[in-house]
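> I'd like to ask you about the structure that follows.
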Amino acid sequence: MGRVAAWAARHARPVLSVAVVLAIVAAVGATRLPTDAGVGTLTDSGSATAEATGQVRETFGEEPVVVLVKEELPKLLLGKDLFKLLRLEGCLSGKVPKGATAIPGPCAELAGTGAVDFVTGPATFLNESVVQIDDQLKRLAEHVPADRFREYLLAVATKYGITSAPSITNEDFVATVVFDFARPRGTPKARLAYLFPNARSAQIVIRLRPDLSEAERHRAIGLIEAAVAETSPRKACKEGQRPAPCFELEGGTYVVSGAPVVIDGVSRALEDALLVLFALAVAVMAFVLLLVFRSRWPLLPLAIALMAAAITFGLLALVGGSLTMASIAALPILIGLGVDYAIQFQARFDEMGSVEAAAGRGGPTIAAACLATAAGFLALQLSPVPMVRGFGWVLIVGVLIAFALAWTVGLGTLALRRAGPVAAGDPPSLPVAKASSERGTLRRHPPVDRLLTWAQAYPVAVLAVGVGLAVMGWAAGTRVDTVTDVRELAPQNVKAVEGLNELQDTTGVSGELDVSITAPDLTDPKTVEWMAGFKKRVLEANGFSGENPSCLDAEICPGPALSDFLVRGGETPTAKRIDATLSALSPYALRQVAPIDPETGEVGKEALISFGIRAQSLEDQGKLVDRVRDAVGEPPEGVDVELSGLSVIAAESASDLSSSRYWLTLAGLLAVGLALLLIYRSWRRALVPLVPTVLATGWASLLLWITGIPLNPMSAALGALTIAIATEFGVLLSGRFHEERRSGAETEEALRRAYSRTGAAVLASGVTAIAGFAVLVASDVQMLRDFGLVTVVDLAAALTGVLLVLPATLLLLERR
C-alpha cells in the first residue's frame, strides 16, 4: 500500500487531473439518471404479484389516472355541464372522430402521442348506454312483431322507468340510469360507484398504454393536466381556435390524481431532493470539517468524497440504473464515508509526514475498516425488496471507490504540500512511536479525553450500564411507532399528493385493487355466478353493503366487473341469458372488464374485477388484501385468481420490509464479523470492534422510544447500515491500539496514544457521517426525513459506544 501511495505522490498532478476529469464526466452522466418510484423498486419482476400486475397492465392498461369532477350530480348530469364533460372525455381519449379536427393544444398533442389506451367517464358511459339501447331496440323492431314489441317497451318502462326515447339530452333517461330513487335525491346507484362515488362527485378513469417510457408517461400526464386545467369560451372550442379547451364547468372543478400521477410527481420531487441534499451535504460537511478537523487542508477530504460520489452515481447511470428513494439517501452517506477514509489517511500523513508511511502503516487498518463496512452493506442483498438491494450495491461500490481515491488521489495531493518532489522509495520519516511528539497537527479533543478517562476509571461500570441500557432498548424497540401511510411518507408539497388527498377526502378512495381472473370460458354460468358472489363477499366484508353503500364510509368501493353486466337482481345466470346479454353489449362496454378477442370476436380468457381503496397505513392495507384473498373461496375448476396492482405490491413489500428488519441486522453483524475474522485470523480482533456497535443498537432503540421518532419502511435497512458504518470506527481505534501495543506501549499508554492520535480523527469522521445523515432531515420527502433522524440517533449512539465502551472492553481484556 505504501508503494502505491508513493507512486501516486510521484505523479500527483496527472493523477489528480485524471480524477477530476473523470469525476466531472461522471457527474454530467449522473444528471441523466432517471428517477423511479414505481412497482419495480418494491418487488422482484419474477414474483407472482408482479407477474399478475404485468399481465393486467398488458391487457387492460396502466393503473388508472383519475380526473375527479367535484359537482352536485343533478347539476352535472342534468344540465349543460354534461356536454362539457363529454367533450373533455373525448379529448382525453385521444381519439378524433372521422371527419373531425382535434381541439388545438393539449387535446391535439394527446391524440398525436397515442398514449391513452382506454377512457371511461360519466358522459361516455351515458352515451354508450344510449347507443346500446338504440341498437337493441332496432334489432328487436326488425325481428319481433309490432304488438310484442310494444309489450316489451311497456315492460321496460314499468321495470326501469324509461318512458321516452333514450338520449343524454333526456333528463328523465339520465336520471333513471344513474340515480337510486329509493335514496335521497341525487344518490347514485351503488353499482356505479366507480363512476359516481357519491352525490357530489364523479370520476373519469384513464388508462395509459403500458409500454410507455418514463418520459412518455410524464408527457402524457402533463398533457392530461394541461387539458383539464385550460378554460376558454365555448365559441373558441367550437371553432377550434386557441386557447382551446371548453371544459370549464359552471359549478364544478376538476382534480387530476391516481397512482401514475402520484408516482410521476414523487419521481420529479426525488430529482429536486437530490440537488437539495447534495448542496446541503457539501455545505454542512465543509462546516463540520473546518470545525473539527485540525489540518492544513481541512477541506481536501470533502473534495475526495465528492469525486467518489460523482463517480459512483456516474457508474450507476452507465449500467442503466435509476434514482430511487433509497439510492438518493445513499448520497450523503457516501459523502460522509468518503470524508472518513480521506480524514484517516490525511491524519496519518499529518502525523508521519510521509505518504508511503501513512499508507504503509495506516492503510491496512483503514482497508480492514472499509472491507468490514462493505461486508455489512453486502448483507442488504438478502433483502426481499429490490430498492434496498440497489441501495446496498450503490453503497458497496461507493465505499470502495472512496477508499481507492483517498488512498491514491488524496495522499498524492497531500504530497504537493511538500517543498520538493517525492523520491522513489521515500522511507518513513519517523518511527510510529516517536511520531506524535515531533509531528501531528491533530489536537486532542476534550470529548474524546473525557470519555476515555471514564472508560479507564470505571471499565466494569461502563460495560454494565451499557449492557443494561441496551437490554432495555431492545425491549423498547418493539414498541417504536412505524409510519407506513403513503400520504404521510410522500413529499407533502407535491401537487400530486395534494390531489391524492383531495380525491380521497371527496370520494373516500384514492387507489385501486385489481383481481385478475383467468378461465377457459369466462362466460360459463358457474364462473359468472362465482364472480358475482366473490365481489359481493368482498364488499360486505369491508363495509360496503346494501344497508350502507357508501364509498366514504366503507374500506372498499365497488369497481366494474364482467358479472355486473351478466347478473341482474340476484337472478341465477344461464348460458342462454349470458349469450343474449353479450350479443347486445359493445366491445367498448366490455373493454375495462373482459376485452373481446380480436381473432374470435368472443370474450377472452382474462377478466378484471376492480375495487377502489383508500390510502392508509400499509399494515392496514395488507390486512385488507388478506380479506380480499379470503373472500376468493373455492373458484370453479380451471379458474385462476390473482390479486394485482400497486396497492397489493406496496402492502406485500411493506410486510417484507418489516419482517426483514431484524434478520437483516443480524446478517449485517455476521457479515462484518466474518470479514474481520478473515482479515485478522483472530476471534478477539474480529469481535471486540463489534461490542460497542451491538450495544449501540439497543441504546438507539431506547432513544427512539423516548423521543418518539417513528420508523418507516426504509428503516428495515437501518440495522445493517448502522453496524456497517459504526464498526468501521471500532476497527480504526482497536487497530491503532494494537499497533501501539506492538510498539511497546503498556495498555493504558497504548489507549492514550491511540485516542490522542486516531480518536480525534474518528470523532471528526463520525461527526461528518452523522452530518451526512442529518442532511436528510432537510428533505421534504417525509420518508427520507424520518430515516435521517433515526440514523442520526443510531450513529450518535454508535460513536459514543466506540469512544466509551471500546476502551473499557480493551482494558478489561488486556488485564485478563
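> Does Asp135 meet the test of being surrounded by fewer than 16 Cβ atoms within 10 Å (Cβ to Cβ), of a type outside the set (A, V, I, L, M) and at negative phi?
The answer is yes for Asp135.
> Okay, moving on. Those residues that are buried (at least 21 other Cβ atoms within 10 Å of the Cβ) and either assigned to a loop (DSSP other than H, G, I, E, B) or charged (D, E, K, R) (or both), I need them from segment 775-786; list them, please.
Ser779, Val781, Asp786
> Out of Asp630, Asp626, report the one residue that is within 24 Å of the chain's Cα centre (by Cα), modelled with pLDDT of 85 or more and open to solvent by 70 Å² or more (accessible area, probe 1.4 Å).
Of the residues listed, the single one that is within 24 Å of the chain's Cα centre (by Cα), modelled with pLDDT of 85 or more and open to solvent by 70 Å² or more (accessible area, probe 1.4 Å) is Asp626.
> For segment 550-567, what are the residues that are touching a residue at least 40 places away in the same chain (Cβ under 8 Å) and of a type in the set (Val, Ile, Thr)?
Within segment 550-567, Ile556 is the sole residue that qualifies.
> Quick test for you: out of Ser659, Ser610, Ser647, pick the one residue that is surrounded by fewer than 19 Cβ atoms within 10 Å (Cβ to Cβ), among the small types (Gly, Ala, Ser) and out of contact with any Cys (no Cβ under 9 Å at 6 or more places or on another chain).
Ser659
> Can you confirm whether segment 526-541 contains a residue that is acidic (Asp, Glu), part of a loop (DSSP other than H, G, I, E, B), without any contact (Cβ under 8 Å) to a residue 24 or more places away in the chain and open to solvent by 20 Å² or more (accessible area, probe 1.4 Å)?
Checked against the condition, which is being acidic (Asp, Glu), part of a loop (DSSP other than H, G, I, E, B), without any contact (Cβ under 8 Å) to a residue 24 or more places away in the chain and open to solvent by 20 Å² or more (accessible area, probe 1.4 Å), segment 526-541 yields no hits at all.
> Continuing with this model, one more query. Please enumerate the residues belonging to segment 740-757 that are open to solvent by 10 Å² or more (accessible area, probe 1.4 Å) and in contact with a Leu (Cβ under 9 Å, 6 or more places away or on another chain).
Correct list: Thr747, Glu748, Arg752, Ser756, Arg757.
> Also, I was wondering about something else. Name the residues in segment 716-739 that are among the charged types (D, E, K, R), more than 30 Å from Arg785 (Cβ to Cβ) and either touching a strand residue (DSSP E or B) at 6+ places or on another chain (Cβ under 8 Å) or crowded, with 24+ Cβ neighbours inside 10 Å (or both), would you?
Arg736
> Give the residue, chosen from Gly801, Gly759, Gly719, Gly772, that is assigned to a helix (DSSP H, G or I), of a type outside the set (Phe, Trp, Tyr) and free of Cβ contacts under 8 Å to residues at least 60 places away in the same chain.
Gly719
> From (1) free of Cβ contacts under 8 Å to residues at least 12 places away in the same chain; (2) within 30 Å of Gly468 (Cα to Cα), pick out the condition that doesn't hold for Arg681.
Only one criterion is unmet by Arg681, namely (2).
> List the helices (runs of 4 or more DSSP H) that sit entirely inside segment 311-412 and contain at least 1 residues that are touching a Pro at 6+ places or on another chain (Cβ under 7 Å).
Helices (runs of 4 or more DSSP H) meeting the threshold: 325-352.
> Please specify each residue of segment 502-525 satisfying the condition of being open to solvent by 30 Å² or more (accessible area, probe 1.4 Å), part of a helix (DSSP H, G or I) and touching a residue at least 40 places away in the same chain (Cβ under 8 Å).
Passing the criteria: Glu502, Pro525.
> If I ask for residues that are open to solvent by 10 Å² or more (accessible area, probe 1.4 Å) and either of a type in the set (S, T, N, Q) or touching a residue at least 60 places away in the same chain (Cβ under 8 Å) (or both), which ones from segment 315-341 would you list?
Leu315, Leu316, Ala317, Leu318, Gly321, Ser322, Thr324, Met325, listed by residue number.
> Please work out if Gly114 is surrounded by fewer than 16 Cβ atoms within 10 Å (Cβ to Cβ) and on the phi > 0 side of the Ramachandran plot.
Yes, satisfied.
> A further question on this structure: Just to check your reading of the model, which residue among Ala671, Ala594 is among the aliphatic types (A, V, I, L, M), open to solvent by less than 10 Å² (accessible area, probe 1.4 Å) and modelled with pLDDT of 80 or more?
Step by step, each of Ala671, Ala594 is checked, and only Ala594 is among the aliphatic types (A, V, I, L, M), open to solvent by less than 10 Å² (accessible area, probe 1.4 Å) and modelled with pLDDT of 80 or more.
> Let me ask you something else. Taking segment 245-264 as the search range and keeping residues that are surrounded by 22 or more Cβ atoms within 10 Å (Cβ to Cβ) and over 21 Å from Glu498 (Cα atoms), which one is modelled with the lowest pLDDT?
Checking each candidate, the answer is Pro245.
> Output the residue which, of all residues in segment 743-756 that are hydrophobic (A, V, I, L, M, F, W, C) and assigned to a helix (DSSP H, G or I), is farthest from Ile328 (Cα to Cα).
Of everything passing the filter in segment 743-756, Ala750 is farthest from Ile328 (Cα to Cα).
The values are calculated or read from the model by the stated rules, or taken from the named source; none is laboratory data. A quick note: this is a predicted structure, and the numbers were derived from the prediction, not measured. Here Cβ is always computed from backbone atoms with ideal geometry, including for glycine, and neighbour counts include all displayed protein chains. For the accessible areas, the whole protein counts, side chains as well, though only heavy atoms, and no ligand, DNA or RNA atoms are used. Shrake-Rupley method; radii C 1.70, N 1.55, O 1.52, S 1.80 Å.
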